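Working notes, beginning with the structure itself.
The values are calculated or read from the model by the stated rules, or taken from the named source; none is laboratory data. Please read all numbers here as calculations on a predicted model, not as lab measurements. Cβ atoms come from the backbone with ideal geometry, glycine included; neighbour counts cover every protein chain shown. Areas reflect the complete protein model, heavy atoms only, side chains present, ligands, DNA and RNA absent. Shrake-Rupley method; radii C 1.70, N 1.55, O 1.52, S 1.80 Å.
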Amino acid sequence: MASNLTKPAESRRFGLGSLVRAVNELTIIVGFLAISIYLAVTTPTFLTSANILSILLASSLIGIVAVGETFVIVTGGIDLSVGSVVAFTGVMTGLALNAHLPVPVAILVGIGIGALSGGFIAFAVTFLNMSPFIVSLAVLAMARGLAFIVTNGNTIFSFPDSFDNIGGGNLGPFPVAALITLVVFLVAGLVLARTVFGAEVYAVGGNREAARLAGIPVNRTLSLVYIISGALAGLGGVILAGRLDSAQPIAAVGLELNAIAAVVIGGASLFGGKGSILGTLLGVLIIGLINNGLTLKNVQPFWVQFIQGAVIFGAVLIDSLNQKRRRA
Amino acid sequence: MAHLLEMTGVSKAFPGVKALTDVSIFLDKGEVLGIVGENGAGKSTLMKIVAGVYTPDDGELRLEGEAFAPRQPRDSLDAGIIVIHQELSLVPDRSVAENIFLGNLPHDRLGRVRRKALNQHAKTLLARVGLDVAPQTRVRQLGIAQQQLVEIARALSRQARVIVMDEPTATLTTAEQTILFATIRALRSAGVGLVFISHHLEEVFEICDRVVVLRDGAAVEMRPTSEWNETGLIQAMVNRPIDALFPPRHAAIGDVVLAVEGLTSAGHFEDVSLELRAGEVLGLAGLIGAGRTEVLKAIYGALPISGGRVRVQSRDVVIRAPRDAIAAGVALVPEDRKAEGLVLPFSIRSNVAMSTLPRLSWLRTVLAPGRMDRLAEHAVADLRIRASGIGQTVQSLSGGNQQKVVIGRALTTKPRIFLLDEPTRGIDVGAKVEVYRLINALAEQGAAILVVSSDMIELLGLCDRILIMRTGRIAGAVPRAEFSQERIMHFAALG
């Protein structure tokens, strides 16, 4: 199903539309290479293994969260809560560890709380018919608030080494976090492209009413995507806490913007029905490169925010021009 | 004297398709030009060129003798060429008056909308199209037919020189159509040139002065209406003789398979009871807004019910969602195939497979692409869907072929009861006949069919029995032996 989505029905006039389409499909990879080459040539540190590892580590958090966001966005929804949920599940995992719960249990606490938070959004979106944008915005604030409440605003630290390995350790030459991310991408890629559930996600995003009348369990599908998004944010919280050996209520502020940008850069449409995990992977790597390049080039942190915003704007602009062309 | 609008040698190709080849037609002031042809014959492309949506590859347009080359829809609008599309383009949550003057609202020097003038002007235009609603009414509250009249009022507000109507009567009731035709005649007398695209040939004969037949992208014949007859027109369109529009019926009528008792959906319809037998084609007639579509949706579980019950094959079934209906052997072909039937940017394959995904998978979980392909190939072959392959997106198919995809998907669930809502709306004569044959074939295999249609000829030709709905209730029933259009309209309009 996914492969058909990227193929245009027919090319029409050679205007902005076809230009945009070409940009969308080819230039993700070209852009990725161009930024890499530019950074390799202009900075001495870009091609060092330490730097590449740090890109992969930073990308793994965005990546895991962006995978969940991909499911949500393909249904035509959005989950703004993920950054706050990462922080909240991180501190809850930390509290569980400090209460001497076994490491696997603490990890499940983090992922489980993330899933619950996604379940809350799912309930509001399906049963209460609320807009996912507003609901997840509310959860963004609530989860962040809870993270401060349960920690009293303090950082939680000194976790067992076996836990810290998840975020910061290595398995052979590879960071454990990057390996977990890889597994998440592989599984999600298969689920979205090759399973009944994946096909239902596309159908619900493509035309919810048609999907409902065709007998697809629309509410179940919508619920699952928000639960997946929440659970993966929980996993992200666990990994971040492990990497930093601490959990802060202020962590991952604005992470949702990076994740959404990665998904949209990867070719998903905010109108639903279109997108892929492979695209999101490329989007995550591009976001990782841009963030890394801004640091290496010593760009002021204030500009970093601005540029990230501009990248999102550009990606959404392309999406919406594509949509217009599709309707024409 | 120069023609009002003249096209000479117009050609347009899309990758892989020659949409129009060397088309030359003209339109004069104060006449109604009918354009007929099967779907895919090039009518839409032709109209989009006139509307400035497409630029022709070859050929030229002249407007009152002067070269006219619209590069965008704005150019055509400014030249007084108004196209009223099948898909309406109204803003549902604004008032009728605001919609009529959208983009052209009367305002004072500070930019404040002059409400009084707005509503006053709107009222005049609404009277001209015969729509009796207050200008302040929200468009959302209107039926599709009424919305169409608002669109026509909007065209009138723009000093139209040429008005193109694409299937304007597809959703209109007879009474509304009479009003529309009166409007068209008034515009013609006022010197406007009108282009009337329709699949309803009776209407073409009634309203048009000249008729052009498009076939495979070429204008094959253009003659005054008086020189055409219905058979000749259909033959020119499909290039083969059509013995009869409706195939003879041979289905044996069996036991009751669907019994609806006192079904009520608050705000939509009340106390609807009906029995449908195996092999039977039961029509549901009535005006737009009578509640026919809602009855089908309620049976199908797509609209909540507040009372009554549904029995399928003498068993009580609880249908809360379309999924339950499908499991009980009920299929729905919805009224609006683009909004409710299809995922337009997806392939034929994805659309056909949508209702049976678990069956097309290993362990009901992992999709089996081979099974999906076979299912879609079968649908394309069985229903003779004209497409480059099962990977073609349904948005690029003609209306008739899109409808076949919807029907093809309905068939994949192996239903015994079919609920068909306007199954031939907006599709060409050839495809219509195919749908009619299919309905007959299904009935002969013992399926039970409940069909809603606003095309009275269609209901009379297809059905064994017709129920008539009026304002949310069943107003009467007419068996085949007593079929007549007058009888049914009497029930529908007057009771």
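Some notes on this structure:
- Any chance B:Leu287 is open to solvent by 30 Å² or more (accessible area, probe 1.4 Å), under 22 Å from the mean Cα position of the chain (by Cα) and facing chain A (nearest Cβ under 8 Å): no
- Test: residue in segment B:242-249 that is within 25 Å of B:Gly476 (Cα to Cα) and either in contact with a Cys (Cβ under 9 Å, 6 or more places away or on another chain) or open to solvent by 10 Å² or more (accessible area, probe 1.4 Å) (or both): yes
- Residue in segment B:12-34 that is under 30 Å from B:Pro135 (Cβ atoms) and either aliphatic (A, V, I, L, M) or free of Cβ contacts under 8 Å to residues at least 24 places away in the same chain (or both) present: yes
- Considering segment A:164-211, the residues that are over 23 Å from the mean Cα position of the chain (by Cα) and open to solvent by less than 80 Å² (accessible area, probe 1.4 Å) include one that is modelled with the lowest pLDDT, namely A:Gly172.
- Looking only at segment A:112-163, residues that are of a type in the set (S, T, N, Q), crowded, with 16+ Cβ neighbours inside 10 Å and closer than 18 Å to A:Gly234 by Cα come to 3 in all.
- Residue list for segment A:262-288, filter: touching a Phe, Trp or Tyr at 6+ places or on another chain (Cβ under 7 Å), open to solvent by less than 50 Å² (accessible area, probe 1.4 Å) and more than 14 Å from every other protein chain (Cβ to nearest Cβ): A:Ile277, A:Leu282, A:Leu285, A:Ile286
- Segment B:320-374, subset on the phi > 0 side of the Ramachandran plot and without any contact (Cβ under 8 Å) to a residue 40 or more places away in the chain, residue surrounded by the fewest Cβ atoms within 10 Å (Cβ to Cβ): B:Leu363
- Segment B:189-222, residues that are crowded, with 17+ Cβ neighbours inside 10 Å, aliphatic (A, V, I, L, M) and not in a strand (DSSP E or B): B:Val192, B:Leu201, B:Val204, B:Ile207
- Of all residues in segment B:123-133, none are among the small types (Gly, Ala, Ser), buried (at least 22 other Cβ atoms within 10 Å of the Cβ) and over 30 Å from B:Arg337 (Cα atoms).
Per-residue answers, yes or no, for (1) under 19 Å from B:Val352 (Cα atoms); (2) polar (S, T, N, Q):
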residue: B:Gln403; (1), (2): yes, yes
residue: B:Arg409; (1), (2): yes, no
residue: B:Glu422; (1), (2): no, no
residue: B:Arg425; (1), (2): no, no
residue: B:Asp428; (1), (2): no, no
residue: B:Ile439; (1), (2): yes, no
residue: B:Ala448; (1), (2): no, no
residue: B:Val451; (1), (2): no, no
residue: B:Met456; (1), (2): no, no
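- Unmet requirement for A:Lys324, which otherwise passes all of (1) in contact with a Pro (Cβ under 7 Å, 6 or more places away or on another chain); (2) at pLDDT below 90: (1)
- Put simply, of B:Leu258, B:Leu296 the only residue that is modelled with pLDDT of 95 or more and within 14 Å of chain A (Cβ to nearest Cβ) is B:Leu296.
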